[in-house]
1. Rounded, prolate or oblate: which one fits the stretch 206-315, using the alpha carbon gyration tensor with axes a ≥ b ≥ c (rounded when a/c is under 1.5, else prolate when a/b beats b/c, else oblate)?
2. Could you go through the stretch 213-230 in sequence order and give the Karplus-derived ³J(HN,Hα) for each residue, using 6.51 cos²θ - 1.76 cosθ + 1.60 with θ = phi - 60°, rounded to whole Hz, and x for Gly and Pro?
3. What does the C-alpha gyration tensor say about the overall shape of the stretch 161-219? Classify as rounded when a/c is under 1.5, otherwise prolate if a/b is larger than b/c, or oblate.
4. If amide hydrogens are placed 1.01 Å from N in the peptide plane, which non-local residues have theirs closer than 5 Å to the one on residue 53?
5. Could you pull out every residue, at least 5 positions away or on a different chain, whose amide H is within less than 5 Å of the one on residue 286? Hs are placed 1.01 Å off N in the peptide plane, and Pro or chain starts have none.
6. Once the dipole of the stretch 70-197 is set up with Lys and Arg at +1 and Asp and Glu at -1 on Cβ about the Cα centre, which of 163, 182, 94 lies farthest towards its positive end?
7. Beyond 38 Å, how much of the Cα-Cα pair distribution for the chain remains, as a whole percent?
8. With all protein chains present and a 1.4 Å probe, how do 3, 195, 154 order by accessible area, largest first?
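The values are calculated or read from the model by the stated rules, or taken from the named source; none is laboratory data. Predicted, not measured: the structure shown is a model, and the values here were computed from it. Cβ sites come from the backbone with ideal geometry, for glycine too, and all protein chains shown count toward neighbours. Just so you know, the surface numbers come from the protein's heavy atoms only, side chains and all, with ligands and any DNA or RNA stripped out. Shrake-Rupley method; radii C 1.70, N 1.55, O 1.52, S 1.80 Å.
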Amino acid sequence: MSTAVAHPNIALVKYWGKRDDALIIPATGSLSLTLDVFPTTTVVDLDGSADADEILFDGVPATGTAAARITAFLDLVRALAGSSHRARVDTRNSVPTGAGLASSASGFAALAVAAADAYGLALDERALSRLARRGSGSACRSIIGGTAIWHAGTDDATSFAEPIAGPDLGMVIAVVDAGAKAVSSREAMRRTRETSPYADAWERAAAADLVAMQAAFAAGDVAGIGELTESNALRMHAAIMGSRPPIRYLAPTSVALFDAAARLRAHGLEAYATADAGPNVVFVCAAADVDIVRDALTADIATGRLIAAHAGPGAHLVEASA
Ligand code: DP6
């Protein structure tokens, strides 16, 4: 029995668009902070006599696309390990699934670490990152603790995440809606690339943003990091909104929270907003300012919907197989 824990990550420069759908090679690189909240815990146990994988999400058997994605991922691990054993996967999430809070990232990062151990694969951090990427692109960054850069690469070997040094950052998550999103990021990403007239411009801009972000990290420039983060997120959402049929993840409350970030800055607080494929808004600031930023936002959203977060650990085993 192998048990692993992983945490979600929030991108400061977003991944949005695949160059290779099968291998999940992104069109551009991205950069993120792995958080210390909302862990996913996954147990993988091999069963030599079963003829199918058994997959439980919070104790409930998984079905449909979700189950198919896990089985396809386990097939990859089995191919690497030269094994035909089926597995029992028991995964517990403390993040609202499908709410744009990156649950697929913590989910596939924890599964990659637990499954690699269960099937006897000795993988280093880079290899685990490449493996997690095959489950969900952003999961490759949750293998890494703290701030991570995912090099887009051009093939399976060159597309991986690794740590990147920078200032201590924190985040405040504003939960606008904890329900599942209408269009998955996988589908929306594909639709953006195929139908949005802004997809090419987004990819060019994201590549340039990543270069600028690395410079801001090297300089320890929190304001520069924040400005790039907010602008990069809005550029991604602009490209998404240009899809046909259109997709719009930002709700009126989400937009108001971007205004709240501007208001905080007008009062001298360095806080910047970002949002993934959902209506929730995440504020980025210096780690030391997290509590002040959270308290300053209670005028905009209920206290119970604000979660303070800091840099968290990379995906790791908590119990190794015998
Ligand atoms: C908006 O990693 O969920 O959160 O690779 O298709 O599984 P797949 O997509 P996924 O997309 C994440 C999109 C994002 C931006 C980001 O995390 O960089």
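1. Numbers: a/c = 1.64, a/b = 1.09, b/c = 1.50.
Since a/c reaches 1.5 but b/c is at least a/b, the shape of the stretch 206-315 is classed as oblate.
2. 5, 4, 5, 5, 5, 4, 7, x, 8, 5, 5, x, 4, x, 4, 5, 4, 5
3. Values: a/c = 2.76, a/b = 1.26, b/c = 2.19.
It is oblate, given that a/c is not under 1.5 and a/b is not larger than b/c.
4. Correct list: 87.
5. For residue 286, the qualifying residues are 170.
6. Going by the charge dipole, the pick is 182.
7. Values: 5704 of 51681 pairs.
So the portion of pairs separated by more than 38 Å is 11 percent.
8. On the way: 3 10, 195 55, 154 100 Å².
Accessible-area ranking of 3, 195, 154, largest first: 154, 195, 3.
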